[in-house]
Amino acid sequence: NHGETWREKGFSGFLFQGILDDFSLYPSEKETISQTGSITLSDKIIPGDWETLVEEINGAVNRLKSAGINHNFVRLAFAPEAAYFSDKALTDIAIKRMRLAGELCHRTGLCGIAFDTQSQSAIYDYRWDGYPTDISSEKLEQNARDTGKRMMRSFMRACPEGRVLLLTQQFERAAPLWYSLFEG
């Protein structure tokens, strides 16, 4: 309710956090994976209070826009460290989170996502102990490219007008799979 004050202080937008902070599994996803060993993209799993949250964010975005603060994004981190490039269920979760972020942006008027790539994460290193020992570096590179492509497509299908801000740490020190992910 203080949009005018923020604008006077030079703010032109905000990062909304605490909504879809990362790709952590929801309790129902953990249960599905433990029972079946997998989860499919057709499984539409959302947080329990999703509709209330969407209404609240929509109201906040509208108040900010009326005050002239219209560069608002939802922040999403490529975390926690998990085998997204070798585990189909985890890849599907990441793709579903991107779709959910796109739906959120589309429904609330957020500009898009501020995607914290976690560029210093161990998952971008071929030698990370979370990957199976029998998967080649070439296969991990291909999977990282495919994952990146599928994640962005999922977001853009849900929010064609959406924008993506990439947040990185020192990307010159990022491991090879980080570059493969964004090549996709």
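The values are calculated or read from the model by the stated rules, or taken from the named source; none is laboratory data. The structure presented is a predicted model; accordingly, all values stated were derived computationally and were not measured. Reconstructed Cβ throughout: ideal geometry from the backbone, glycine too, with neighbour counts over all protein chains shown. Areas reflect the complete protein model, heavy atoms only, side chains present, ligands, DNA and RNA absent. Shrake-Rupley method; radii C 1.70, N 1.55, O 1.52, S 1.80 Å.
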Just wondering, is there one or more residues in the range 5-15 that are at pLDDT 85 or above, over 13 Å from the mean Cα position of the chain (by Cα) and open to solvent by less than 70 Å² (accessible area, probe 1.4 Å)? yes
Those residues of the range 58-94 which are under 17 Å from the mean Cα position of the chain (by Cα), under 18 Å from GLN17 (Cα atoms) and of a type outside the set (Gly, Ala, Ser) amount to ASN72, PHE73, VAL74, ARG75, LEU76, PHE78, PRO80
Counting only helices (runs of 4 or more DSSP H) entirely within the range 27-114, those with at least 3 residues that are over 18 Å from LEU15 (Cβ atoms) and open to solvent by less than 50 Å² (accessible area, probe 1.4 Å) are 27-36, 88-108
In the range 143-159, the residues that are of a type in the set (S, T, N, Q) and within 9 Å of PHE85 (Cβ to Cβ): ASN143, THR147
Could you go through the range 144-167 and let me know if any residue there is at pLDDT below 95, of a type in the set (Gly, Ala, Ser), part of a helix (DSSP H, G or I) and under 21 Å from ARG97 (Cβ atoms). no
When residues of the range 115-143 are limited to those that are part of a helix (DSSP H, G or I) and of a type in the set (Asp, Glu), the one surrounded by the fewest Cβ atoms within 10 Å (Cβ to Cβ): GLU138
